[in-house]
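Read through the structure below, which is laid out as structure tokens, and then see the notes.
The values are calculated or read from the model by the stated rules, or taken from the named source; none is laboratory data. No experiment lies behind these values; they were computed from the predicted model shown. When we count neighbours, we look across all protein chains shown, and the Cβ atoms used for this are built from the backbone with ideal geometry, even at glycine. Note: accessible area is taken over every heavy atom of the protein model, side chains too, but ligands, DNA and RNA are not part of it. Shrake-Rupley method; radii C 1.70, N 1.55, O 1.52, S 1.80 Å.
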Amino acid sequence: MTDSLSPTPAPPSSLYEELGLAPALNGNGKMTALGGSRLSDGVIAAMAEAARSHVVMDELLVAAGRDLAAATGSEDVCATTGAASGIALAVAALIAGEDLARIEALPDPGGRPHEVVLPKGHAVHFGAPVRQMIALGGGRPVEVGSANKVRAAHLAAAVGERTAALMYVQSHHAVHKGMPSLAEVVAVGREHGVPVIVDAAAEEDPRAWTSTGADLVVFSGGKALGGPTSGLVCGSAALVAACRAQYAGIGRPMKVGKETVLGLVRAVREHAAPSDGGQVGRSGQGGHHDRMARLAVRLDALPGITARVVPDEAGRDIHRAQLLVDPVGAGRDATGLAAELAAGSPPVFLRDHHAGSGRLAVDPRCLTPEEEEAVVRRLRELLGAAPPN
Ligand SMILES: *Cc1c(COP(=O)(O)O)cnc(C)c1O
């Protein structure tokens, strides 16, 4: 009882330590560079179950596809290693279908329609270029319009005999102003009989995207959906079967394992019907507003720090504790403070998109309450604040 207020020690992570690595405290959000999502106990259990036994992989992929389809509002789903491979498989499927000779010839499209037309402002780099993922699947990316101005007419004018697909990228990396809407892209596709691929990698609500009339919608399983490093391609039964067929070709080096597939199924079920809204790795419960408000009060007492709770800029249900760093009072500016936190032990990563204007933020989604305490301790140590009494 007397110890009930002291933080629970972090679980041992001895293999990381044997490798000379210190597990990071992730106050930045869902970052691929920090390993994506922290998995729920349910997802970890599903992956462990898969790891302990064998299964006929083709049957697993089909059965998982049915389950993922129910949770995402699509007819069928192809499980993948990520959204990036999902793009390559989707493009390959639209070029080669289920024809084994064509599948084995890719990425050479062998004279088949293979151009993938996309707005110039959507040709983003998410860690690697979208263009390259299209090319991996045998496609030739065709960017239309200008970086900040693309009309549906630009897309329509580029569609011809060689067109395999239109592509729409939903991302904070993409240019938003001046781009055609997804509805307009879908309308161009319908009019010309060309399928539309949507990259909705980091989106929270799969159903909002599978109901847009797009033919194939690609998601990352390891981002908003809280799954292991994985992905989904959602669409009609015929097109998704063609995506799965690519595992006999260009999909082979993107092979998805049984542990990943079962973990993804479990994560998507949990995402669709959360029973634990407050769990680490989810927003939920008012987006952690009260928790971050309490944290802000504590951080506000640190030298040189003015802290308050702020809502997500993109309107998602997330609240963060924002730190305004006064370089005089804090002894270093926001950029310096973020760098010292990241280089310390344990390494602490805060949101630093606005460090240049003196602001850092603590994102609650990937921090346990114990880790949140450790973040406060590190800030106190660095800023030389008196220890709490
Ligand atoms: C992250 C991201 C990807 C790649 O997703 P992975 O699951 O990491 O392969 C593709 N497109 C966009 C827009 C992304 O944000």
Discussion item. Among the residues of the range 49-68, are any without any contact (Cβ under 8 Å) to a residue 12 or more places away in the chain, in contact with an Asp or Glu (Cβ under 8 Å, 6 or more places away or on another chain) and at negative phi?
Written reply: yes
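Would you say Gly137 is within 16 Å of the ligand (Cβ to nearest atom), open to solvent by 10 Å² or more (accessible area, probe 1.4 Å), in the same structural domain as Ile95 (by TED's automatic domain parsing) and touching a residue at least 40 places away in the same chain (Cβ under 8 Å)?
no
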Worksheet item: Between a first residue in the range 360-372 that is touching a residue at least 40 places away in the same chain (Cβ under 8 Å) and a second residue that is in a loop (DSSP other than H, G, I, E, B) and of a type in the set (Lys, Arg), which pairs have beta carbons less than 6 Å apart while being 6 or more apart in sequence or on different chains?
Response: Cys366/Arg38
Discussion item. Looking only at residues that are within 16 Å of the ligand (Cβ to nearest atom) and at pLDDT below 95 in the range 171-184, which one is most open to solvent (accessible area, probe 1.4 Å)?
Written reply: His172
Worksheet entry | Pairs with Cβ under 6 Å, 6+ apart, first in the range 184-196 and closer than 20 Å to Cys234 by Cα, second at pLDDT 95 or above and charged (D, E, K, R) | Pro195/Asp215; Val196/Asp215
Worksheet item: Looking only at the range 289-339, which residues are assigned to a loop (DSSP other than H, G, I, E, B), among the aliphatic types (A, V, I, L, M) and open to solvent by 70 Å² or more (accessible area, probe 1.4 Å)?
Response: Ala301, Ala314
Fill in: Residue match in the range 94-111 (condition: touching a strand residue (DSSP E or B) at 6+ places or on another chain (Cβ under 9 Å) and open to solvent by less than 10 Å² (accessible area, probe 1.4 Å))
yes
Worksheet item: Picking from Ala241, Ala273, Ala237, Ala248, which residue would you name as being surrounded by fewer than 24 Cβ atoms within 10 Å (Cβ to Cβ) and either aromatic (Phe, Trp, Tyr) or modelled with pLDDT under 95 (or both)?
Response: Ala273
Worksheet item: Can you find a residue in the range 357-371 that is among the polar types (S, T, N, Q) and under 25 Å from the mean Cα position of the chain (by Cα)?
Response: yes
Discussion item. Exactly one of these conditions fails for Thr229: (1) within 16 Å of the ligand (Cβ to nearest atom); (2) surrounded by fewer than 20 Cβ atoms within 10 Å (Cβ to Cβ); (3) more than 21 Å from the chain's Cα centre (by Cα). Give me its number.
Written reply: (3)
Worksheet entry | Where Ala157 falls short, out of the listed (1) part of a helix (DSSP H, G or I); (2) open to solvent by 30 Å² or more (accessible area, probe 1.4 Å); (3) within 13 Å of the ligand (Cβ to nearest atom) | (3)
Discussion item. Can you pull out every residue in the range 68-123 that is over 20 Å from Val186 (Cα atoms), in a loop (DSSP other than H, G, I, E, B) and within 16 Å of the ligand (Cβ to nearest atom)?
Written reply: Thr81, Gly82
Item to complete: Say whether the condition of being under 13 Å from Leu25 (Cβ atoms) and open to solvent by 70 Å² or more (accessible area, probe 1.4 Å) is met by at least one residue in the range 346-364.
Response: no
Worksheet entry | From Ala147, Ala187, residue being under 26 Å from the mean Cα position of the chain (by Cα), surrounded by fewer than 20 Cβ atoms within 10 Å (Cβ to Cβ) and more than 16 Å from the ligand (Cβ to nearest atom) | Ala147
Item to complete: Quick one: in the range 36-46, of everything that is open to solvent by 50 Å² or more (accessible area, probe 1.4 Å) and out of contact with any Lys or Arg (no Cβ under 8 Å at 6 or more places or on another chain), which residue is nearest to Gly263 (Cα to Cα)?
Response: Ile44
